[in-house]
Amino acid sequence: RGKVLRSEANLYSAGLSASSAFLGRVTYGLPLGLELGVVGAYTSEHGAAGKNDLVFGVDVTGSVPGTDAGLTLAGAGYWDKAGAWKFDAPEDNLAFLVKLEGLKLGPATLGAKYAEVGLGFKSAYAGTDEKALLNAYKGAAVVEAEAGLGLPLGVPTTLTIGNTLRMEQAKHNPVWNRTSAKVVVDPIKDLKVTVSGAYVSDLDKDDAADFAGFE
């Protein structure tokens, strides 16, 4: 690890009896306080039948100029090695993330996110937690928006309203929509009362799953 041409570089390699792995990430400072990141991972299974996989990604992170809002733009793809210098991409092999959080407009705080993960996207380094982004959005494209607002009720009270639209990733056909609301009241020190609810609308009538209902 170290600095290379004004960039921070971290390179790793690991070897097992049946496979090898190489991982690298380089970050570079951009104007306006943004940071560019490039990451690549290559895994190789030994033997004639072994698979060789490549994951490559690029991201830009930082704050929206002139605000304290956080911005994340990220994309990654998966390829499998088909020859000496040839890599084939399976169908729907890409993953994307666009996220804006903490944007203040008057008394309101806004956030929004768009994410999609193709069914053909794989990563040997992905976490196994089912709530992790690559697992939670596998095969889906999702748009999420949220707004939080402090209410003048005499005691600290916050109202948060959100909406999530989930679509099938390949053709972006709508699957379900979830609208939610949450009120958090903080009447005395170390005590918070939360009341929340949501309604999910089933947008794909041809799917055997029924997503409609109250939460």
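The values are calculated or read from the model by the stated rules, or taken from the named source; none is laboratory data. Bear in mind the structure is a predicted one, so any value in this text is a computation, not a measurement. Please note: Cβ atoms are built from the backbone with ideal geometry, for glycine as well, and neighbour counts cover all protein chains shown. Ligands, DNA and RNA are excluded from the accessible area calculation, which covers all protein heavy atoms including side chains. Shrake-Rupley method; radii C 1.70, N 1.55, O 1.52, S 1.80 Å.
Based on this model, can you work out whether G102 counts as open to solvent by less than 50 Å² (accessible area, probe 1.4 Å) and either under 30 Å from T158 (Cβ atoms) or touching a residue at least 60 places away in the same chain (Cβ under 8 Å) (or both)? Please lay out each step first, then the result.
Details: open to solvent by less than 50 Å² (accessible area, probe 1.4 Å): yes; either under 30 Å from T158 (Cβ atoms) or touching a residue at least 60 places away in the same chain (Cβ under 8 Å) (or both): yes.
It is true that G102 is open to solvent by less than 50 Å² (accessible area, probe 1.4 Å) and either under 30 Å from T158 (Cβ atoms) or touching a residue at least 60 places away in the same chain (Cβ under 8 Å) (or both).
Out of the residues in region 111-137 meeting the condition of being in contact (Cβ under 8 Å) with a residue 40 or more places away in the chain and outside any loop (DSSP other than H, G, I, E, B), tell me which one is most open to solvent (accessible area, probe 1.4 Å).
The extreme case among them is E116.
Kindly indicate the residue of region 39-59 that is free of Cβ contacts under 8 Å to residues at least 40 places away in the same chain, open to solvent by less than 50 Å² (accessible area, probe 1.4 Å) and under 23 Å from the mean Cα position of the chain (by Cα) and also nearest to A74 (Cα to Cα) among those meeting that condition.
Here the answer is D59.
Which members of region 34-73 meet the condition of being outside any strand (DSSP E or B), within 17 Å of E101 (Cα to Cα) and either in contact with a Pro (Cβ under 8 Å, 6 or more places away or on another chain) or among the charged types (D, E, K, R) (or both)?
Step one: list which residues in region 34-73 are outside any strand (DSSP E or B), which gives 34, 46-51, 64-69.
Restricting the remaining residues to those that are within 17 Å of E101 (Cα to Cα) gives 34, 64-69.
D68 - this is the single residue of region 34-73 that is outside any strand (DSSP E or B), within 17 Å of E101 (Cα to Cα) and either in contact with a Pro (Cβ under 8 Å, 6 or more places away or on another chain) or among the charged types (D, E, K, R) (or both).
State which residue is least open to solvent (accessible area, probe 1.4 Å) when the search covers only region 140-153 and only residues that are of a type outside the set (A, V, I, L, M, F, W, C) and modelled with pLDDT under 95.
G150
Can you find even one residue in region 95-107 that is outside any strand (DSSP E or B) and within 14 Å of the chain's Cα centre (by Cα)?
no
Name every residue in region 60-99 that is open to solvent by 30 Å² or more (accessible area, probe 1.4 Å) and at positive phi, in order of residue number.
Correct list: G66, D92.
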